[in-house]
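A.B. asks: I have a structure I would like to understand better, so I am pasting it below and will then ask my questions one at a time.
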Amino acid sequence: MLVAINLTDRASEPFAEKPFPGTAQMYQPPPRPMSHSGPATRCRICHQPLPQGTSDVCDRPPCQTRLKAEAAAEIARRKKKKDAAWLEMSTRRTRPVLRQAAREVGAQSLAHVAHALAPYIDLPLRPLPEDRRAAFVDHLTEIIDAAFATADGISALPELPEDDPDYTTRLAHETPEPFVLNAACIACQGDCCTLGGGRHAFLTEETITYQRWRDPEVTKETLTERYLSAFPEVSVIGSCVYHGPQGCTLDRPLRANICNSFQCRSRRELADAVARRPGTGAVVAGLSRNHADDPSAGAPYLRVVSVSPTDEVTVHDHLRLPALRKGMPED
Ligand code: SF4
Ligand code: SF4
């Protein structure tokens, strides 16, 4: 059972979701209809006279601000449209494999089991390069020193971190999430953890302060050892130093708050699906963002996972993507 692949189970800002391919191009304003009466003579926003040969919006700051807001709205509209088209295409392509997985776990049909799409990454595993290890050790030393400098534990005790009240409230009071939601993370294999690669596992001085608050006797050396001994033998290339083949190797209480609270959109959608069909388990298709690059049957961009109502995990490795007959619409 791949429970340990419970990578991040979850959400907030540093784990900003990545755009789907092709959705972040530079904004090109749409062509304006030709005026039969020649070039505009008045600003279309403030209606003040325009200098000759300029665009249809004048240089006054309020008009330029409005122009920028229009451009931002247009970018957002296009992205939303593209995301919706990607989702429609991906749902269509994965439907047969989700149906098959549902049958394999004994569901009468897909309508009788919670199901969802998730991201999917398939990156190679490597021993952590020495320069990355050294950079992580430097960072860890820095945040541990900073936390101990703020409160040495002798003349001043570490206090509850205050700038994120949820940090402690959540850890003390949250109810565990249903295990079935891990189907998304197991299918995905930790897309969000790749962002932890450049962020030193999101560990900060506050994380260390929290560790010290939990265990006021803990020494710098013990804390350093706890973090350094948790490295996996091999980790996902370029990803978080703790992103191993079975998921995160850092004990949950040692992780940064975000690693215990992040939920990507896919996981949230699975939670909604589970709420609509409680007790049915779940089937999830992890799908690469760029799956349409290879429209042929069997394209290697898929990992289907099911979790039974009794929390049994099955990775449906034999299921393959069908051919993609209709891709994304043209712009
Ligand atoms: S499904 Fe979402 S929360 Fe889970 S590992 Fe993937 S990106 Fe992270
Ligand atoms: S510590 Fe790293 S591998 Fe573990 S949940 Fe956080 S980002 Fe992912």
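A.B. asks: Residues in region 102-118: is at least one within 16 Å of ligand 2 (Cβ to nearest atom) and surrounded by 16 or more Cβ atoms within 10 Å (Cβ to Cβ)?
C.D. replies: There is at least one residue in region 102-118 that is within 16 Å of ligand 2 (Cβ to nearest atom) and surrounded by 16 or more Cβ atoms within 10 Å (Cβ to Cβ).
A.B. asks: Would you say V305 is within 15 Å of ligand 1 (Cβ to nearest atom), out of contact with any Gly (no Cβ under 6 Å at 6 or more places or on another chain), at pLDDT 95 or above and not in a strand (DSSP E or B)?
C.D. replies: Criteria not met by V305.
A.B. asks: Note down all Cβ pairs under 7 Å where the first residue falls in region 183-206 and is more than 21 Å from E142 (Cα to Cα) and among the aliphatic types (A, V, I, L, M), the second is near ligand 1 (Cβ under 10 Å from one of its atoms) and part of a helix (DSSP H, G or I), and they're at least six residues apart or on different chains.
C.D. replies: A183/L270; A184/S266; A184/R267; A184/L270; I186/I5
A.B. asks: Follow-up question, since we're still on this one. Would you call R93 modelled with pLDDT of 95 or more and of a type in the set (K, R)?
C.D. replies: Here the answer is yes, as R93 does meet what is asked.
A.B. asks: Checking T310 against (1) at pLDDT below 95; (2) in contact with a helix residue (DSSP H, G or I) (Cβ under 8 Å, 6 or more places away or on another chain); (3) within 19 Å of P178 (Cβ to Cβ), which single condition isn't satisfied?
C.D. replies: For T310, the failing item is (2).
A.B. asks: I need a count of the residues in region 139-156 that are farther than 15 Å from T204 by Cβ and β-branched (V, I, T).
C.D. replies: Narrowing region 139-156 to residues farther than 15 Å from T204 by Cβ: 151-156.
Remaining after also requiring β-branched (V, I, T): 154.
Summing the residues that are farther than 15 Å from T204 by Cβ and β-branched (V, I, T) in region 139-156 gives 1.
A.B. asks: Have a look at R77, R93, R66 and point out the one that is in contact with a strand residue (DSSP E or B) (Cβ under 9 Å, 6 or more places away or on another chain), among the charged types (D, E, K, R) and either within 30 Å of T204 (Cα to Cα) or assigned to a helix (DSSP H, G or I) (or both).
C.D. replies: Sole residue among the options that is in contact with a strand residue (DSSP E or B) (Cβ under 9 Å, 6 or more places away or on another chain), among the charged types (D, E, K, R) and either within 30 Å of T204 (Cα to Cα) or assigned to a helix (DSSP H, G or I) (or both): R93.
Conditions (1) more than 13 Å from A147 (Cα to Cα); (2) assigned to a helix (DSSP H, G or I); (3) modelled with pLDDT of 90 or more; (4) aromatic (F, W, Y), marked per residue:
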| site | (1), (2), (3), (4) |
| --- | --- |
| A201 | yes, yes, yes, no |
| T209 | no, yes, yes, no |
| P216 | no, no, no, no |
| L223 | no, yes, yes, no |
| P232 | yes, no, yes, no |
| V241 | yes, no, yes, no |
| L250 | yes, no, yes, no |
| P253 | yes, yes, no, no |
| C259 | yes, yes, yes, no |
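Yes/no matrix, rows are residues, columns are (1) surrounded by fewer than 17 Cβ atoms within 10 Å (Cβ to Cβ); (2) farther than 23 Å from L123 by Cα:
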position	(1), (2)
E233	yes, no
P253	yes, yes
I258	no, no
R267	no, no
P278	yes, yes
A285	no, no
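A.B. asks: Of all residues in region 101-124 being part of a strand (DSSP E or B) and in contact with a strand residue (DSSP E or B) (Cβ under 6 Å, 6 or more places away or on another chain), which is nearest to Q246 (Cα to Cα)? Even if it seems obvious, please write down each step before you answer.
C.D. replies: First pass over region 101-124, keeping only residues part of a strand (DSSP E or B): 114-119.
So of that shortlist, the ones also in contact with a strand residue (DSSP E or B) (Cβ under 6 Å, 6 or more places away or on another chain) come out as 114-118.
Working: A114: 24, H115: 23, A116: 22, L117: 20, A118: 17 Å.
Ranking the qualifying residues of region 101-124, first place goes to A118.
A.B. asks: Another question about this same structure. Conditions: (1) touching a helix residue (DSSP H, G or I) at 6+ places or on another chain (Cβ under 6 Å); (2) part of a loop (DSSP other than H, G, I, E, B). E330 meets all but one. Number of the miss?
C.D. replies: (1)
A.B. asks: Kindly establish whether L98 is modelled with pLDDT of 95 or more, closer than 19 Å to A187 by Cα and not in a helix (DSSP H, G or I). Walk me through it before giving the result.
C.D. replies: Working: modelled with pLDDT of 95 or more: yes; closer than 19 Å to A187 by Cα: yes; not in a helix (DSSP H, G or I): no.
When the stated conditions are applied, L98 does not pass them.
The values are calculated or read from the model by the stated rules, or taken from the named source; none is laboratory data. These numbers were taken from a predicted model, which means no experiment stands behind them. A quick note on method: Cβ atoms are made from the backbone with ideal geometry, for glycine too, and the neighbour counts reach across all protein chains shown.
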